[in-house]
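The values are calculated or read from the model by the stated rules, or taken from the named source; none is laboratory data. Every value quoted in this text rests on a predicted model; they were computed, and no experiment measured them. Neighbour counts are summed over all protein chains in view; Cβ atoms, including those assigned to glycine, are modelled from backbone coordinates with ideal geometry.
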Amino acid sequence: MRTTALAFALLIALTGCGGEPKKAGPTGATPFTGTWRSAANGDAGTGGTVLTVDARGGLKFKSSVDCAGKVTPNGGTYRFAFDCGASKFDGTAPPPAAGAFIMTWTDGDSSEFRK
């Protein structure tokens, strides 16, 4: 009897917690998640590029070619690695502020991307 009462009290206490447990956010989430556009109206084919980063750092880059890649933390900045088939390139950028970020390419050039 005592065990039944204790089990019932425990069941009521657990039921009071309610709902399913909250799911943790994706591991490796990046502050760059979203679709970003470069200069020249940001549209691929009009001189611009469209860069899409998912929450896990997966990357798609479209200009005159379609590229894929990864965004990874790099000591306070983030490294963008692009694979466009015939060519591979990379750049770094600090976490975005005010809806834009500036990527510095390995050749020293830079590009601004906006939300």
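Quick check on segment 20-32. Is at least one of its residues at pLDDT below 50 and of a type in the set (Lys, Arg)?
From segment 20-32, those at pLDDT below 50 are 20-26; that's our starting set.
Checking which are of a type in the set (Lys, Arg) leaves us with 22-23.
Yes - at least one qualifying residue is present in segment 20-32.
Given the conditions (1) part of a strand (DSSP E or B); (2) hydroxyl-bearing (Ser, Thr, Tyr); (3) modelled with pLDDT under 90, which single one is not true for Tyr78?
Of the numbered conditions (1) part of a strand (DSSP E or B); (2) hydroxyl-bearing (Ser, Thr, Tyr); (3) modelled with pLDDT under 90, the odd one out for Tyr78 is (3).
Given the conditions (1) assigned to a strand (DSSP E or B); (2) at pLDDT below 90; (3) of a type outside the set (A, V, I, L, M, F, W, C), report the number of the one that Lys60 does not fulfil.
The single condition Lys60 does not satisfy is (2).
Of the numbered conditions (1) surrounded by 12 or more Cβ atoms within 10 Å (Cβ to Cβ); (2) more than 15 Å from Pro31 (Cβ to Cβ), Asp107 satisfies every one except a single condition; which is it?
Answer for Asp107: the failing condition is (1).
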